[in-house]
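*Asks:* The structure's right below; bear with me while I get my questions together.
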Amino acid sequence: MTSSINTQRKIRYLLLGVLFFMTFFINISFGSVEISIKTILESVFGPTTQNSQLDYIIHHYRIPKAITAVIVGAGLSISGLLMQTLFKNPLAGPYVLGISSGASLGAALYIMGATALGAFLPQWLIGNWSTTIAASIGSFSVLFIVATVATRIKNTMALLIIGLMFGSLSSAVVSILAFFSSKESLQKFVFWTYGNLGNLALSDIGILGLFVGIGSFVSILNTNALNAMLLGNDYAISLGISLKKTSLIILIATGLIAGSITAFVGPIAFLGLAVPHICRLIWNTSNHKILIPTSLLMGAIFMLISDSIAQLPGSAKVLPINAITALFGSPIVIWLLVRKKQIQL
Amino acid sequence: MALEFTDLIIGYKDRSKSQQIAGPFDLKIPEKKLTAVIGKNGSGKTTLIKTIGQQLTSLEGDVLLEGQSLKNIPSNQRARLLSFVFTTTFSSENMTVNELVALGRYPFLNWYSKPSKKDVECIREAIVFTALEALASTKIYALSDGQKQRAFIARALAQETPYMILDEPMSHLDHHHKAQLLSLMKKLVKEKNKTIVYTTHDIEKAITNADFILALTEDKSFFNTPENLIKEGVFDNLFPKEQVYFDPATTQFLYRDSKSK
């Protein structure tokens, strides 16, 4: 019986791997100009190039965007998984700590505050900032505050509520800023909240990859501890886990991942909440040895598909990625839940 | 060397005040014996367990394990000496019995190591000892209360600690499973040389099965063999006498308004 489960799992891993490569190349192929997979492969692996224009699109636009999608999808999914396990709450996601709200506040202050407060700020301060830096400062300030609070309180539930409060606080400030800002800057901010995968230079991707890589590596290092935490705090302590230390490590890993992603591509919601559930339902387990790798891969696939849909194949228009993740993902989660009828953390 | 309480006072501490629940205890839990902790609701049984487990800090005094204060034993070291079965606690149930029992090996694993041959053997042995072989691949949520209790005991067993602390392992179990659990605990003491402490409301079963009993009353605690506690008349004063009284001849508690009277 156990061996049949194992083979079943191996087949699913294999399918996941195949799906990953398929969606990766499909993602590169879709866009305002459709490029055949053959052309992509020739452009990447072939010795000579026939079409320098397509070559340029593939290398400077499509591949970086696909890589960004992979990093973003994988990172958000694993940080959602971490938060669900830490807070023992199936509704937790990468943004429960208020990290995205912090980033939004930073971006809003930069985009809209600059016009509202422009008269009072020196020009060099406004000019030299970019939305990314403003958003990073916002998200990491929130992370710092939450981590400081976490070392003082025992109760993770209190921490969850504090994170939500930070979210409400920053949304309130953002609303006030929006109220006073000009039409143009408000539109700019709204566009930022839609999320955008295609705006990253290679060096940006490197930084993003580094942060998400460190966060994911830290999670993998804590696989056994995360599994022990599934038994609840009493058992975790009795197994020799220092709850404070482990919680802080998990918080910081999540903060690095979710904070950097929000700063670079905007607040992409839903994915981090949904993908861990999809993996739990498909693999029918809560074991992090399975959930961490599958969430990474599934998240990447999910993001690649969402982005491919967002490109609206055959048209020059691009839909906001943030809407597509939920539009495409929610039915899957609902379908899996109705079919399996069993939700477990 | 044993599990020892020195002038231990337990309770809850807040920033401004502390609420004493029970104590002071000054006693040594004998090794390789089955000790039952009894007392009415609110007498401090669970508080005592949580103090031993370091979820709560003692108000005064200390818990010593093998002569060393528990506070000074590093958490990973402690996890190799003491294992627990708790009552009310969040647990994910989306894992198989095998996976649950395997978590007992956590103190012996480093960050991502695969279970060693010894780990696998310990897990198997714990499952066999608790007669869960047929259910090894079953999810926890699909188990009955009795099977679940056994699975959590197996998890504690896999931790391979000389001391096992169980908080109300008999609650929610019928007579058949209570008897099964009691004989399992006695078997663990006898065959595996474990020192087991468990809390219970079933005083009658504790009297006939446990080697020692720690009885918690409002102002005092008593620790002795069941026979001596009966002689001392401890059970007579455990509950308010107008409703329940202890009959030493049958070692049973009887209700005043029940038909037998």
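*Asks:* May I ask you to say which residue of A:Gly206, A:Gly198 is outside any helix (DSSP H, G or I), surrounded by fewer than 20 Cβ atoms within 10 Å (Cβ to Cβ) and of a type in the set (Gly, Ala, Ser)?
*Replies:* Selected residue: A:Gly198, the only one of A:Gly206, A:Gly198 that is outside any helix (DSSP H, G or I), surrounded by fewer than 20 Cβ atoms within 10 Å (Cβ to Cβ) and of a type in the set (Gly, Ala, Ser).
*Asks:* Among the numbered criteria (1) in contact (Cβ under 8 Å) with a residue 12 or more places away in the chain; (2) buried (at least 21 other Cβ atoms within 10 Å of the Cβ), which single criterion is violated by A:Leu231?
*Replies:* Of the numbered conditions (1) in contact (Cβ under 8 Å) with a residue 12 or more places away in the chain; (2) buried (at least 21 other Cβ atoms within 10 Å of the Cβ), the odd one out for A:Leu231 is (1).
*Asks:* Residues of segment B:202-235 being touching a Pro at 6+ places or on another chain (Cβ under 9 Å), at pLDDT 90 or above and not in a helix (DSSP H, G or I), which ones?
*Replies:* Scanning segment B:202-235 gives B:Ala210, B:Asp211, B:Phe212, B:Ile213.
*Asks:* Somewhere in segment A:293-309, is a residue over 26 Å from A:Gly198 (Cα atoms) and modelled with pLDDT of 90 or more?
*Replies:* Checked segment A:293-309: no residue is over 26 Å from A:Gly198 (Cα atoms) and modelled with pLDDT of 90 or more.
*Asks:* Exposed (fewer than 12 other Cβ atoms within 10 Å of the Cβ), among the β-branched types (Val, Ile, Thr) and under 27 Å from B:Arg15 (Cα atoms): which single residue out of A:Thr156, A:Thr151 fits that description?
*Replies:* Being exposed (fewer than 12 other Cβ atoms within 10 Å of the Cβ), among the β-branched types (Val, Ile, Thr) and under 27 Å from B:Arg15 (Cα atoms) holds for just one of A:Thr156, A:Thr151, which is A:Thr151.
*Asks:* I've got another one for you. Is there a residue being under 17 Å from B:Leu82 (Cα atoms), out of contact with any Asp or Glu (no Cβ under 9 Å at 6 or more places or on another chain) and at pLDDT below 90 anywhere in segment B:45-53?
*Replies:* no
*Asks:* Same structure again: Check B:Phe108, B:Phe90 and return the single one that is surrounded by fewer than 20 Cβ atoms within 10 Å (Cβ to Cβ), under 20 Å from the mean Cα position of the chain (by Cα), within 13 Å of chain A (Cβ to nearest Cβ) and modelled with pLDDT under 90.
*Replies:* B:Phe90
*Asks:* Considering (1) surrounded by fewer than 21 Cβ atoms within 10 Å (Cβ to Cβ); (2) part of a helix (DSSP H, G or I); (3) not basic (Lys, Arg), say which one A:Ser170 fails and leave the rest.
*Replies:* Condition (1) is where A:Ser170 drops out.
*Asks:* Out of segment B:153-175, which residues are of a type in the set (A, V, I, L, M) and in contact with a Lys or Arg (Cβ under 7 Å, 6 or more places away or on another chain)?
*Replies:* Within segment B:153-175, B:Ala158, B:Met164, B:Met170 qualify.
*Asks:* Could you pull out the residue among A:Ile40, A:Ile63, A:Ile71, A:Ile67 that is within 21 Å of A:Leu200 (Cα to Cα), β-branched (Val, Ile, Thr), crowded, with 24+ Cβ neighbours inside 10 Å and not assigned by TED's automatic domain parsing to the domain that holds A:Ser171?
*Replies:* On the way: A:Ile40 fails: crowded, with 24+ Cβ neighbours inside 10 Å; A:Ile63 fails: crowded, with 24+ Cβ neighbours inside 10 Å; A:Ile67 fails: crowded, with 24+ Cβ neighbours inside 10 Å.
Residue meeting the stated conditions: A:Ile71.
*Asks:* Looking only at helices (runs of 4 or more DSSP H) that fall completely inside segment A:1-113, which ones have 3 or more residues that are aliphatic (A, V, I, L, M)?
*Replies:* Per the criteria, A:2-29, A:37-45, A:63-87, A:99-108.
*Asks:* Give the number of residues within segment A:209-228 that are within 14 Å of chain B (Cβ to nearest Cβ), small (Gly, Ala, Ser) and surrounded by fewer than 20 Cβ atoms within 10 Å (Cβ to Cβ).
*Replies:* Qualifying residue count for the region: 0.
*Asks:* While we're looking at this one, here's another question. Test B:Tyr198 against the stated conditions and say whether it is surrounded by 15 or more Cβ atoms within 10 Å (Cβ to Cβ) and hydroxyl-bearing (Ser, Thr, Tyr).
*Replies:* Numbers: surrounded by 15 or more Cβ atoms within 10 Å (Cβ to Cβ): yes; hydroxyl-bearing (Ser, Thr, Tyr): yes.
Yes, satisfied.
*Asks:* Could you list, in sequence order, the residues of segment A:142-170 that are farther than 14 Å from A:Ser100 by Cα and of a type in the set (Gly, Ala, Ser)?
*Replies:* Those that are farther than 14 Å from A:Ser100 by Cα and of a type in the set (Gly, Ala, Ser): A:Ala147, A:Ala150, A:Ala158.
*Asks:* Further question on the same structure: If I filter segment A:258-281 down to residues being farther than 18 Å from A:Ser306 by Cβ and surrounded by 24 or more Cβ atoms within 10 Å (Cβ to Cβ), which single residue comes out as farthest from the other protein chains (Cβ to nearest Cβ)? Quick ask: steps written out before the conclusion?
*Replies:* Here is the first cut: in segment A:258-281, the ones farther than 18 Å from A:Ser306 by Cβ are A:259-260, A:263, A:280-281.
Adding the requirement that they be surrounded by 24 or more Cβ atoms within 10 Å (Cβ to Cβ) leaves A:259-260, A:263, A:280.
Values: A:Gly259: 24, A:Ser260: 24, A:Ala263: 29, A:Arg280: 7 Å.
Once the filter is applied, the top-ranked residue is A:Ala263.
*Asks:* Which residue is nearest to B:Glu204 (Cα to Cα), if the candidates are limited to segment B:1-39 and must be in contact (Cβ under 8 Å) with a residue 60 or more places away in the chain and outside any strand (DSSP E or B)?
*Replies:* Going through the qualifying residues, I end up with B:Gly39.
*Asks:* Looking only at segment A:234-257, filter to residues that are not in a helix (DSSP H, G or I) and not β-branched (Val, Ile, Thr); which one of those is surrounded by the most Cβ atoms within 10 Å (Cβ to Cβ)?
*Replies:* The initial filter retains those residues of segment A:234-257 that are not in a helix (DSSP H, G or I), namely A:239-242.
Narrowing further to those that are not β-branched (Val, Ile, Thr): A:239-240, A:242.
Numbers: A:Leu239: 26, A:Gly240: 20, A:Ser242: 15.
Across segment A:234-257, the extreme among qualifying residues is A:Leu239.
The values are calculated or read from the model by the stated rules, or taken from the named source; none is laboratory data. Fair warning: this is a prediction, and the values are worked out from it, not measured in the lab. Backbone-built Cβ (ideal geometry, glycine too); neighbour counts: all protein chains shown.
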